[in-house]
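Just below is one structure, and these are the notes that go with it.
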Amino acid sequence: MSQSIDYYFSLPSPWAYIGHKPFMDLVKTYDLKVNYKPVFLGELFAETGGLPLGKRHPVRQRYRFLELQRWREKRGLDFKLQPKNWPFDGRLADGVVLAALEAGHDPDAFLRKAYAAVWEKEDNLADAAVLTRLADEAGLPGRQLVERSPSAEISAKYEQNQKDAQAGDVFGSPAYVLNGEVFWGQDRIELLGDALKSGRAPFKQP
């Protein structure tokens, strides 16, 4: 039986974009079952003591800029550090992922296209037409999913993911939760890989 892993993320997150491919490589290598759990970062930060980028101290903002450049090189990516349509409200785009899951679709192809659209092509993922096109290109029923995204049922699932994140000690994007152990940030993917390779028991918090 495949191991299950919870994947918390939001499409506006640059770190989720940077980590998506290496994470999915681990998923394939270890035949993991992924529970995709998009979350609204504004609320998650507010509940767990984090700050949106614009409210962080300038020292932290400048360091983030360095880290983006380092990881862009490390992961072999080519993306804009300050794309013109970022930041954006991720609720419609994240809702498309939830709508795809509700309809029984694998959202990976859409996520790959959507992440690249923001950071490489500078598309606007708050635009329904852009999301429809990207979903169509990923082989999904774009118009249907975009129309479903703001529904009460999808909104309720989005809110439940938020509650699940807080209950599971998740406080940012991306976070990968394996057997209750949280690996926060795409820079922890190698540590996640070590845990999967060794098959060790999860480390526990005090």
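Since every read-out is calculated from the coordinates, none of them should be taken as a lab result. Treat the numbers as computed from the prediction; the structure is a model and nothing was measured. Note: ideal-geometry Cβ built from the backbone for every residue, glycine included; neighbour counts use all protein chains shown.
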Of PRO22, LEU66, ASN161, whose Cα points farthest to the positive end of the dipole of segment 4-198 (charges on the beta-carbon: +1 Lys, Arg; -1 Asp, Glu; origin at the Cα centre)? LEU66
Please list, in order along segment 77-90, the HN-Hα scalar couplings obtained from phi with the Karplus expression 6.51 cos²θ - 1.76 cosθ + 1.60 (θ = phi - 60°), rounded to whole Hz, x for Gly and Pro. 9, 9, 9, 7, 6, 9, x, 5, 9, 10, x, 9, 6, x
³J(HN,Hα) computed for each position of segment 120-136 - Karplus, 6.51 cos²θ - 1.76 cosθ + 1.60, integer Hz, glycine/proline x: 9, 9, 6, 6, 9, 7, 8, 8, 4, 5, 5, 5, 4, 4, 5, 5, 4
Expected unfolding gain across ASP187-ALA156 under the 0.36 nm per residue rule, minus the alpha-carbon gap, is 8.1 nm
Vicinal HN-Hα couplings computed from phi for segment 195-206 (Karplus, 6.51 cos²θ - 1.76 cosθ + 1.60; Hz; Gly/Pro x): 5, 5, 5, 7, x, 5, 5, x, 6, 10, 7, x
Read through the labelled values (i) 57, 43, 35; (ii) 89, 33, 26; (iii) 45, 44, 33 and report the label of the one computed as Cα extents along the principal axes in Å from the structure. (iii)
Report the full-extension gain for the segment ASN85 to ASP194: residue separation times 0.36 nm, less the Cα-Cα distance, to one decimal in nm. 35.6 nm
Report the longest stretch of the chain that contains none of the trypsin sites (Lys or Arg not before Pro) sitting in a DSSP loop with at most 12 other Cβ atoms within 10 Å. 85-199
Excluding ILE18 itself, calculate the net charge of residues whose Cβ lies under 15 Å from the Cβ of ILE18, where each Lys or Arg counts +1 and each Asp or Glu counts -1. +2
For a quick check: with amide H placed at 1.01 Å from N, whose amide H comes under 5 Å from LEU125's, ignoring anything fewer than 5 positions away on the same chain? none
For PHE9, PHE23, PHE171, ascending order of other Cβ atoms within 10 Å (fewest first) is PHE171, PHE23, PHE9
Relative contact order, percent, segment 34-166 [alpha-carbon distance under 8 Å, six or more residues apart]: 32 percent
